[in-house]
1. Does a label point 7 Å from the Cα of Lys284, set along Cα-to-beta-carbon, have any residues of the stretch 375-412 with amide nitrogen under 15 Å, and which are they?
2. Using a simple spin-label model with points 7 Å from Cα along the Cα→Cβ vector, what separation in nm is obtained for Arg340 and Leu310?
3. Give the accessible area for Phe222 in Å² (nearest 10); use a 1.4 Å probe, count only protein heavy atoms, and leave out ligands, DNA and RNA.
4. Stretched out fully, how many nm does the piece from Glu502 to Asp421 gain, at 0.36 nm a residue minus the Cα gap?
5. Tell me, what is the 1.4 Å probe accessible area of Arg191, in Å² to the nearest 10?
6. As a test question: what accessible area, to the nearest 10 Å², does Asp467 have when a 1.4 Å probe is rolled over all protein chains in place?
7. Could you calculate the contour length gain from Gln77 to Thr227, that is, 0.36 nm times the residue separation minus the distance between their Cα atoms, to one decimal place in nm?
8. In the stretch 369-480, carbon and sulfur make up what percent of the accessible area (probe 1.4 Å)?
Amino acid sequence: MSIFSSDHAVMPENDEIVEATETVAIEAEAQALIEAEADVLAEDVTEDDDSAEEPAEPTITFADLGLPEGVVRKLAQNGVTTPFPIQAATIPDALAGKDILGRGRTGSGKTLSFGLPLLATLAGGHTDKKKPRGIILTPTRELAMQVADALQPYGDVLGLKMKVVCGGTSMGNQIYALERGVDILVATPGRLRDIINRGACSLEAVQIAVLDEADQMADLGFLPEVTELLDQVPTGGQRLLFSATLENEIDSLVKRYLVDPVTHEVDPSAGAVTTMTHHVLVVKPKDKAPVTAAIAARKGRTIIFVRTQLGADRIAEQLQDTGVKADALHGGMTQGARTRVLDDFKKGYVNALVATDVAARGIHVDGIDLVLNVDPAGDHKDYLHRSGRTARAGRSGVVVSLALPHQRRQIFRLMEDAGVDASRHIVGGAGAFDPEVAEITGARSLTEVQADSANNSAKQAEREVVDLTKQLERLQRRAVELREEADRLVARAARERGEDPEAAVAEVTEAAEAEVAAAAVEAERAARAEERREERPSFRDERGNFERRDRGGDRGDRGGFRGGDRGGDRGGRPFERRDNDRPSGGFRRDDRPSGGFNRDDRGGRSFERRDNDRPSGGFRRDDRPSGGFNRDDRGGRRPRRPSLRAS
């Protein structure tokens with residue numbers, strides 16, 4: 001049965017029913033809207049409450065980690081307020097005295113992770129002579145110096161003395177510092193072992209031992225020295241081991257020296273960084289050098305990795321020849337040279353640094369936004385450490401590897417082992433000026449580099465002109481002042497003599513002007529002579545060479561007819577020319593006067609002195625008869641002279 005009927009549809013009360021029905025519907029709709037708004041508001045409030053109660057990333061400061069107040073204040077002065085993840089995870093456990101096994105990629109802040117707890121723990125203690133209380137072992141000199149530079153400001157706040165002990169620097173200074181007392185040594189294993197063998201250092205008082213970049217120590221073959229040093233450290237102390245990778249050799253160190261270590265692995269083992277992009281440029285052999293030069297000519301700091309020291313020197317020299325400000329850095333350089341090159345790179349005097357793998361982990365320079373691998377890395381660990389020079393501390397960076405056609409499989413296998421997703425680009429006929437290469441790396445043409453170089457040189461010359469103009473103006477003002485002073489003195493002297501002062505001044509002024517005019521004429525004459533020499537370089541060179549050839553011929557004449565025998569091809573004057581220009585016998589020693597070979601003419605010992613020094617029958621050429629041994633007298637070869645002893 002239908003609910004509605006036709007009767008009801010035509011009833012007069014129908015309007016009232018419709019109104020009542022519409023009112024109920026409106027009220028129900030309004031209630032539904034109110035409930036929906038309430039649900040939305042409740043969800044918003046819940047989300048706000050959740051976000052207020054559980055923030056996505058809680059803010060932790062260095063003060064929350066338990067560091068001394070002075071260190072926290074110094075960190076804030078240096079602009080370091082929020083710890084990196086590995087620092088936040090490691091510092092509390094290290095301050096608690098636990099052994100730490102930390103892994104993090106290069107540039108993740110490991111230095112402060114072990115350095116700040118080390119300083120805080122040793123603060124306030126006493127250090128005996130030659131007995132440091134803390135040691136930090138690093139694989140390379142550069143890394144040792146950079147660790148010391150990073151920790152020294154905070155050590156100064158706590159009153160702790162630090163010293164770098166590494167090769168290539170003065171061992172005498174290091175021994176002298178140890179004799180005065182050093183709280184913390186930052187050392188390379190080889191140099192520290194040498195100093196200990198000399199009796200200048202002992203590790204019997206070491207409380208905390210730190211190994212930084214332990215995996216590279218293993219790769220470079222330093223494990224024997226490391227184990228020898230750690231064996232001298234008393235048991236029961238604290239050990240902190242940090243590395244970018246934790247593999248076979250590192251496991252042996254962990255099992256042998258660390259007791260119940262707390263492991264902190266902040267970054268994935270592959271060292272993947274979201275702010276770093278990887279590219280492989282496949283180039284032809286003939287395009288490799290131009291592409292390298294174009295990328296190195298980019299604006300900004302670029303580090304270029306090669307495999308050998310000779311390769312680093314060669315590529316750096318080639319880049320310099322093309323106008324790129326580049327320099328080499330490798331283990332074959334002295335420590336002073338390496339320090340100078342790094343300083344130039346940090347200060348911007350050098351834009352491209354060509355380095356070997358040995359220096360890969362020892363370079364920490366802010367602002368490196370591109371790493372170029374000219375030679376493939378030896379393995380995936382070397383590749384990761386090379387790449388770690390850029391995209392440090394959250395910054396972005398680009399890693400580019402050049403690959404010859406036959407190296408593609410090797411490089412992509414290396415990328416796969418490193419856990420890196422790299423894009424591949426084939427550099428076509430455009431070579432170094434490929435638009436895709438320029439977009440990825442910021443490469444510039446050598447013409448643009450030369451234009452910038454010429455522009456910089458012009459600006460420098462303009463600055464020098466301005467400086468010289470100012471100097472000239474100062475000198476001119478000084479000359480005017482001196483001339484006025486001289487005129488006053490001349491007039492005064494003339495008055496004292498009773499002469500006319502104006503006449504005396506005029507006479508002196510005229511003489512001075514004449515001297516200046518003469519000097520100007522002489523300078524102009526010298527300038528014109530120099531211009532003439534520059535306008536005729538070929539004539540000058542030809543004339544100079546001809547004169548040298550004459551001298552060469554003279555040298556040949558002294559030994560006989562060598563200059564003439566060899567002819568004019570080698571610069572000697574021909575035999576006939578000498579016969580026409582000179583006496584028939586030529587310049588021969590036998591043409592000298594009857595006294596023979598007397599050294600008096602050449603500043604040697606006198607004839608009389610030889611007679612006094614030697615017996616009368618001595619072997620002297622001057623004793624020969626006047627006509628005795630002259631080839632020219634016979635026009636040919638002289639006969640054999642009878643022996644003086646026989647006579």
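The values are calculated or read from the model by the stated rules, or taken from the named source; none is laboratory data. Since this is a predicted model, take the numbers as computed values, not measurements. For neighbour counting, all protein chains shown are included, and Cβ atoms are generated from backbone atoms with ideal geometry for every residue, glycine included. The area values use the complete protein model at the heavy-atom level, side chains included, leaving out ligands, DNA and RNA. Shrake-Rupley method; radii C 1.70, N 1.55, O 1.52, S 1.80 Å.
1. Residues passing the 15 Å test: 404-406.
2. If labels sit at Arg340 and Leu310, their model points lie 2.5 nm apart.
3. 60 Å²
4. Details: separation 81, 0.36 × 81 = 29.16 nm, distance 9.20 nm.
Length gained between Glu502 and Asp421: 20.0 nm.
5. 40 Å²
6. Ignoring ligands and nucleic acids, Asp467 comes out at about 80 Å².
7. Details: separation 150, 0.36 × 150 = 54.00 nm, distance 3.86 nm.
That pair, Gln77 and Thr227, stretches by 50.1 nm at full extension.
8. Values: 3120 of 6210 Å².
Looking at the stretch 369-480 in its full context, I get 50 percent from C and S.
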